[in-house]
Amino acid sequence: MSQNPHSLDAFADTKRLIVVAAHPDDLETMCGGTVYQLTQRDVAIFSVNCTLGDIGTSDPSQNRTDLAARRLQETEAAARLLGIQQTFNLGRHDGELLPDLTLRAEIARLYRLTQADTLFTFDPHWTGQIHPDHRAAGQAALDAYMPSKMPLYHPEQLNEVGAGVGCLARVFLFSTDRDPDVLVDVTAVYPQKIAASLAHVSQFPEGEANLEWMKELDRAPGAKLGVAFAEQFKQVNVW
Ligand SMILES: [Zn+2]
């Protein structure tokens, strides 16, 4: 039985959530259980993938353009399963993501367009994070937070329909083992997390057998709560 029945309380005021990830399948495997529970609470969810995931194969005969197209389709299929409102892909090449000024501005634009109040992204400071794209996505997402709120930063973005200065009020980092302070029991929705992850058929062609690593990652925080599976986050103090 869960000893932390109020673990979603950290998101009690969340109405619009934006998730900034690096690759198609990051959201689903890293925080898909939490995202699904929030969609069930009528939170509007926006998914941003910075790269096309176009080297995500061990088959050297695959064509990168075709793989990118396939992964965009898989992203949409997963989004439908999780109830995600809208997906964005910033079109960068997989394995080459840098937290540069252009990426910062592109992410800030999405904070402004979506008027998200809550951000989920990779923890760029977790020393265990070996994927450079994950670190870069997290760094760029954090770097975009402050300027998105400043009207003189790329003011042309504010002319777009529906855009306003950024209004993020809460930031949570996933893929972290750096003093996580929010643990979310995802046991009840684990079938949905698995289904959304498996929508990325190009990545997990053998089905659930390919997701043992994800279950292992989710068992450790689950054990802290006394449940089977949990997702963990580190909250960043922002104002
Ligand atoms: Zn990734």
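A short reminder: the numbers here are calculations on the coordinates, not readings from a lab. What you see is a predicted model, and the numbers here were worked out from it, not measured in a lab. Here the Cβ positions follow ideal geometry from the backbone for every residue, glycine too, while neighbour counts run over all protein chains shown.
Let me check I've understood the local charge: for R178, count other residues with C-beta under 12 angstrom from its C-beta, Lys and Arg +1, Asp and Glu -1. What total comes out? The partial results should precede the final answer.
Details: positive: K234; negative: D123, D177, D179, D181.
In short, -3.
Please state the shape class of the chain: rounded when a/c is under 1.5, otherwise prolate if a/b exceeds b/c and oblate if not, all from the C-alpha gyration tensor. List each step's numbers first, then the result.
Numbers: a/c = 1.61, a/b = 1.11, b/c = 1.45.
The shape class here is oblate.
Nearest 5 is fine: what % of DSSP beta bridges in the range 7-236 come out antiparallel, could you say? The partial results should precede the final answer.
Values: 7 of 27 bridges.
Bridges in the range 7-236 that DSSP calls antiparallel: roughly 25 percent.
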Describe numerically, in nm with one decimal, the distance between label points set 7 Å from Cα along Cα→Cβ at E76 and at E212. 3.5 nm
Net charge of neighbours whose Cβ lies under 10 Å from the Cβ of R112, counting Lys and Arg as +1 and Asp and Glu as -1: +1
Which value, in debye to the nearest 20, gives the size of the charge dipole of the chain about its Cα centre, when Lys and Arg are +1 and Asp and Glu are -1 at the Cβ? 560 debye
In whole angstrom, note down how far apart the Cα centers of the range 1-74 and the range 144-205 are. 8 Å
The range 5-100: which GluC sites (Glu not before Pro) are DSSP loop and have at most 15 other beta-carbon atoms within 10 angstrom? E96
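When the helix-only estimate is applied to the chain (DSSP H runs of n ≥ 4, each -39,500 (n - 2.57), divided by the residue count), what is the mean residue ellipticity at 222 nm, nearest 500 deg cm²/dmol? Don't skip to the answer; put the middle values down first.
Working: 6 runs with 88 residues, N = 239.
The helix-only estimate for the chain comes to -12000 deg cm²/dmol at 222 nm.
What is the local net charge at W239, summed over the other residues whose Cβ is closer than 13 Å to its Cβ (Lys, Arg +1; Asp, Glu -1)?
Details: positive: K149, R170; negative: none.
Every neighbour counted, the sum reads +2.
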Relative packing of peptides 56-62, 104-110 - highest average C-beta neighbours within 10 Å first: 104-110, 56-62
